[in-house]
1. Normalised by the number of residues in region B:63-157, what is the relative contact order in percent for Cα pairs under 8 Å and 6+ residues apart?
2. Among the aspartates and glutamates, which have Cα under 14 Å from the Cα of residue B:114 when same-chain residues fewer than 8 positions away are ignored?
3. Rounding to the nearest 10 and keeping the result within 0 to 90°, find how far the Cα-based axis of helix A:106-117 lies from the longest principal axis of chain A.
4. Go ahead and set up a Gaussian network model of chain A, Cα springs under 10 Å, then flag whichever of A:13, A:252, A:222 fluctuates most.
5. Mind giving me the nanometre distance, one decimal, between the label points for residue A:28 and residue A:47, set 7 Å out from Cα along Cα→Cβ?
6. Mind checking the angle between helix B:133-142 and chain B's longest principal axis? C-alpha axes, 0 to 90 degrees, to the nearest 10.
7. Once the convex hull of the C-alpha atoms of chain A is built, how many Å³ does it hold per residue, rounded to a whole number?
8. Looking at chain B only, what percent of DSSP beta bridges run antiparallel? Nearest 5 please.
There are 2 protein chains.
Amino acid sequence: MDKRKPSLAEVADAAGVSKMTASRVLRNSGRFSEETRARVMREASRLNYVPNRLAAAFASDTASTLVGVLVPRLSGGLFGQVVEAIDATLTRFGFQTLIGTYENRGDQEEAWLKSVLAWRPAGLILTGRARSEGTAAMLRSATLPVVEIWDLNTRPLDVSVGINHFDCGHEMGRLFLSRGRRRIGYTGAEATAPGLGRARFDGFQQALQDAGAGPAVAELLDDRPSFYQGHYGAQNLLSRCPDIDSIYFQNDEMAVGGMAYCQAAGLRIPDDIGIAGWGGMDVATIIPRRLTTTNVSTRAVGRSAAEALVSRVRGDPVRDVIEIRSNLMPGDTL
Amino acid sequence: MDKRKPSLAEVADAAGVSKMTASRVLRNSGRFSEETRARVMREASRLNYVPNRLAAAFASDTASTLVGVLVPRLSGGLFGQVVEAIDATLTRFGFQTLIGTYENRGDQEEAWLKSVLAWRPAGLILTGRARSEGTAAMLRSATLPVVEIWDLNTRPLDVSVGINHFDCGHEMGRLFLSRGRRRIGYTGAEATAPGLGRARFDGFQQALQDAGAGPAVAELLDDRPSFYQGHYGAQNLLSRCPDIDSIYFQNDEMAVGGMAYCQAAGLRIPDDIGIAGWGGMDVATIIPRRLTTTNVSTRAVGRSAAEALVSRVRGDPVRDVIEIRSNLMPGDTL
DNA sequence: TGATTCTGCGTTACCGGTAACATTTCCAAA
DNA sequence: TTTGGAAATGTTACCGGTAACGCAGAATCA
């Protein structure tokens, strides 16, 4: 038995037309009669024809439906949701997602980019904005649609779809002050990685400074954000500065971990200590109180990014800066 | 300025050799002198040559480095970790991950498979074992390496890397009994989806039956497993059967959500009610007690699956059933 | 009625690599 | 010096599609 997949030529032969006509029918690119269409489609289906995208993309340089998607990670946090939304949207438009994770290592990013560009993708979706010189050079010379996500970039390489993290932090800072908090702490993770949580912290500090309040005491850890890091960070912070009255965490996972520590230490929330996080993560639903946080629509980020990319690939007009709104949730923990 | 990427022919010309020699050098497939190697590599690097994998894969039928990876979801639960480990391992071996998520819809799976097979991938990694007839037929006729993950399949299509969920449930059932639990409840999600949590429940019930105990009362919800589903499921279960003394949850997220409900309802854990989950998820670290659960090495599943796939692609011998051990953690909540 | 456009389809060349086979070079052994 | 064979390199054909162009016949127009 012949295991080879049937080719376009075989479908065309079976239908009694030329390869080109069969190709036109299968791509629905016009210039064929209804009768021919029916015959080609019937034979394609009968032969279980699976088009060879390698050949198609290779031949035309415009037919690639691969999209490279690079995120820091898939587990924990919100990136899994973002990628889910990206993939769902790309799939809807007939594109495929080529994934990559880089765990905050720039060299990883560069190697990944090189191996993805080798597939001549239709476009790229990249997270974060801090890029190595080599990466930036590759992107410039590649001239393909690139959507930067997560951190809103007002002067994007091409298109940016993201959240204004600075404003999130600033808004939260004002909320801390309006609740009478004055001895404020901050706990973050991935201290060595640029971007991501950093802008939130900057906005937060700015809000305190704008109001003439002193800066927040920061506890920055190295690992990725997690429950445990929040727990540990809160412990460090409270032993260094036992008199702080509130802590802003880099995200909800950390906030929930920090809350667990505070409660175990006998502190009442929000009376003895105020807690706030960021992200509106599912994990926050498990605690009896509603966590003070900023809700972020990760699905909207993913969907908008994918839609913007598809529009760019098709040559449709696209706004180059797309902000995804986030909503402060005052909650009951501050 | 010419925006086209340099081709192999240009590199070869610049190095003063034929395309074929340049190709051999770049693939390191032997049969060239050290001096030639140096010259070709130098020119490739000088011209910023990025090989065209489309052309390579298309030409040789053996050079594809794409691997299709299909999972139910990326956010929540453990699949994000699994995919992370798969991707890291595949990257290490020079392969690329083409991702797909199917949200428990069989038609999605079939459409995804078709679009991935169009790229003539080197292999596939699929989650779960319940497949539609169309999907199974496509896999049979495609004759490419397929690794099934998550549920251990003792008669795999090709290779299976997974966890024995039945045994996990059985072991946990015995623990429930040894702790004197007799009026037992179970809370699961995705009731309509086959596989996944189902085998654990079956094993659990079997353990109870083996010991002559009555079956667990089941509360099966439709949505995907989450904190909220656990909370809600526990509530339903306790209002239907107020006298149950313990609940086995489909996973740790649900268990933590269920615990939150029980505590809010004034039940002491484990005195009034015993709680157990599954998965060893990070979320369990936030609660003050150690959750009774089964630890699963998701990284090991991902890494082993990717390694098995690479071996199969290379033609190396591979065991066709690879069980990833899981460990019962007695914890403090049962 | 002749000229022009449109419709439907075919022909040819090519995308950028790699497999298979052919050829040249070089060195050691006869 | 000749010669055999391995090492290094070149030549040719091809993978399966698509772009560009060509061409006959039908429809439309002046």
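Here, each number is a calculation from the coordinates, and none is a lab measurement. Predicted model, so just to flag it, every value in this text is computed and none were measured. Please note: Cβ atoms are built from the backbone with ideal geometry, for glycine as well, and neighbour counts cover all protein chains shown.
1. Numbers: 120 pairs, mean separation 31.0, N = 95.
Once normalised by length, the contact order is 33 percent.
2. B:133
3. Compared with the principal axis, the helix lies near 20 degrees.
4. Among A:13, A:252, A:222, the largest GNM mean-square fluctuation belongs to A:13.
5. 2.1 nm
6. 30 degrees
7. Details: hull volume 56.6 nm³, N = 334.
Spelled out: Cα convex hull of chain A, divided by residues, is 169 Å³.
8. On the way: 4 of 39 bridges.
Once the DSSP bridges in chain B are tallied, antiparallel ones form about 10 percent.
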